Amino acid sequence: MQFSRAASRALRANVVQQASRTGIREFAAATPDMFDYDQTPPTSGGEVENMEPSFVFTPPGKNHLFVPGPCNINERVQRAMMRPGMNHRDPFFAPLAKSIFEDLKYLFKTSSGTPFIFPSSGTGAWEASLSNTLSPGDKVVAYRYGTFSHLWIDQAQRLGLDVTVLETPWGEGANEGRLEKLLKEDVNKEIKAVLVVHNETTTGVTSDIGKVRQAMDNAFHPSLLLVDGVSSIGSCEFKFDDWKVDVAVTGSQKALSLPTGLGLCCASPKALSKMKDAKLPRVFFAFEDMLKTNPAGGFPYTPSIPLLYGLKESLAMLKEEGINNAIARHARFAEGTRRAVQAWGLKLLCKDPRWYSNSLTVIEVPKEVDSGDIVKLAYCKYNLSIGVGLMKVQGKVFRIGHLGDMNEVSLLGAIAGVEMALIDAGVKITPGSGVGAAVTYFQETGKVIPDRELPEVMKYVQP
């Protein structure tokens, strides 16, 4: 049979009602043409063949991207990346590269660290942190409390490291006391490194790296401190020098609001001193090769010039806002989102406020609801992208990312979309409750945008 546009719209409305009652998976096979207006599905014996939606229709408006990375890209950054093919050996390139390396120190809050840029995701930066400082068989300690800490542990093991895993409930952060006890017991100082994921995006937990460092110092242990700051650096407080981090890693697609493709590292003098004895194989991620070329503004292989221009612009915008102001902005957005969750009557996966993440909020759903259906409803009905639950918490939670380039109004749109998707999925919440709570908080705590302090506006603003 063939569906007209009007009939298709009626069908999709019925589909959404069915979704609220039975869940997406159960009715998807029965409505294979919900996204194709004039599709004639093949039939056999009166049964409709299961068909996947085509996703070719472009809806009005924009896709609302609120996962914890990739993030929205500011128009200034997009324009900066619009470059023709360019030769990185021409004279313009060295000043560009050297200025970026210097600006990255501002991002990491370091004067002593050495930044590195690899054409990779954060996974590549992970590998660089390990392969440049350690040798096969070296003992390391790592916390596991989510998908990304698990994956870093898996990488370390596959590289040939001997990993002691500190298993931690998902929804909790790094217990510093456990680490201190373990390091004190290592009387022969066999442990070479401690691996910590600062912000675990599976669970919405941010561990306290300052206290991790204090635990290491209390144990008088010389191990390296290697930190995954992929989803925290630029959005959460991160003090490379003050916390005596030895290697920190991050990625371009998170708080820097760039496309995926740049894995960023910062290494301490102590970490760089380990290179000569580190025997893990490395070629593409070798710090040594970078150190031969980076100081003069070069790379050992062809860099991504458009991404570097985007990084330059993103860092310029960060300096204009001020990194501490950017961190405060993320903290404010996180609190507004948490107030929306509270107004919905739902719970956070992270229970202890000391570990609340300012990069994202992870929300538990009622047991009778599959959180994956909420995510699909948000995308298919409202063109809103939010994060699914991963591994142990698949189907149990969904994630709202609030890092990178956004403001109160854009985040409120995401909260409204989530609220509608929750209602569609049968979650018992009061319409407008979460949005209203967030609106109240943002309005009461908001400030006038810099350079827009018009006299007729300032009279309405509390000092």
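The values are calculated or read from the model by the stated rules, or taken from the named source; none is laboratory data. This structure is a prediction, so every number in the text was calculated from the model and none was measured. Please note: Cβ atoms are built from the backbone with ideal geometry, for glycine as well, and neighbour counts cover all protein chains shown. The area values use the complete protein model at the heavy-atom level, side chains included, leaving out ligands, DNA and RNA. Shrake-Rupley method; radii C 1.70, N 1.55, O 1.52, S 1.80 Å.
Quick notes
- In plain terms, if you count all Cα to Cα distances in the stretch 365-463 and split them into 10 Å steps from zero, the share in each step is 14, 38, 27, 13, 7, 0 percent.
- What separates the Cα centres of the stretch 104-140 and the stretch 247-286 is a distance of 2 Å.
- Taking all Cα pairs closer than 8 Å and separated by 6 or more residues, the relative contact order of the stretch 301-447 comes to 26 percent.
- Across the stretch 57-208, the mean sequence separation of Cα contacts (distance under 8 Å, 6 or more residues apart), normalised by length, yields a relative contact order of 20 percent.
- Extending 7 Å from the Cα toward the beta-carbon at both residue 178 and residue 328 defines two label points whose distance is 3.6 nm.
- The chain - percent relative contact order, Cα under 8 Å, separation 6 or more: 20 percent
- Label-point gap, in nm, between residue 167 and residue 218 - each point 7 angstrom along Cα→Cβ: 2.4 nm
- Euclidean distance of C-alpha centroids, the stretch 395-463 and the stretch 174-238, integer Å: 33 Å
- Counting charges near residue 354 (Lys, Arg +1; Asp, Glu -1) among other residues having Cβ under 15 Å from its Cβ returns a value of -4.
- Taken along the Cα-to-beta-carbon direction at a fixed 7 Å, the label points for residue 291 and residue 260 span 3.1 nm.
- Distance violations [Cα-Cα > 20 Å] among 211/239; 367/428; 105/189; 109/244: 105/189
- Over the chain, accessible surface divided per residue gives 46 Å², non-protein components excluded, 1.4 Å probe.
- Percent accessible area from carbon and sulfur atoms, the stretch 359-462, protein chains only, probe 1.4 Å: 56 percent
- In this structure, the residue pairs whose Cα-Cα separation is over 30 Å, taken from 347/381; 396/447; 62/351; 312/351, are 396/447; 62/351; 312/351.
- The residue 420 and residue 457 beta-carbon pair, evaluated with R₀ = 35 Å, returns a calculated FRET efficiency of approximately 0.65.
- The slack between residue 428 and residue 98, meaning 0.36 nm per residue of separation minus the straight C-alpha distance, is 113.3 nm.
- FRET efficiency for residue 302 and residue 383, using Cβ-Cβ distance with R0 set to 35 Å, rounded to 0.05: 0.45
- Axial C-alpha extent at least 15 Å, average Kyte-Doolittle at least 1.0 - helices from the chain (DSSP): 408-424
- Recomputing semi-axes √(5λ) of the Cα gyration tensor in Å from the coordinates shown identifies the correct label among (i) 39, 27, 18; (ii) 40, 26, 25; (iii) 32, 29, 22 as (ii).
- R0 of 35 Å, Cβ-Cβ distance residue 347-residue 321: FRET efficiency to nearest 0.05: 0.60
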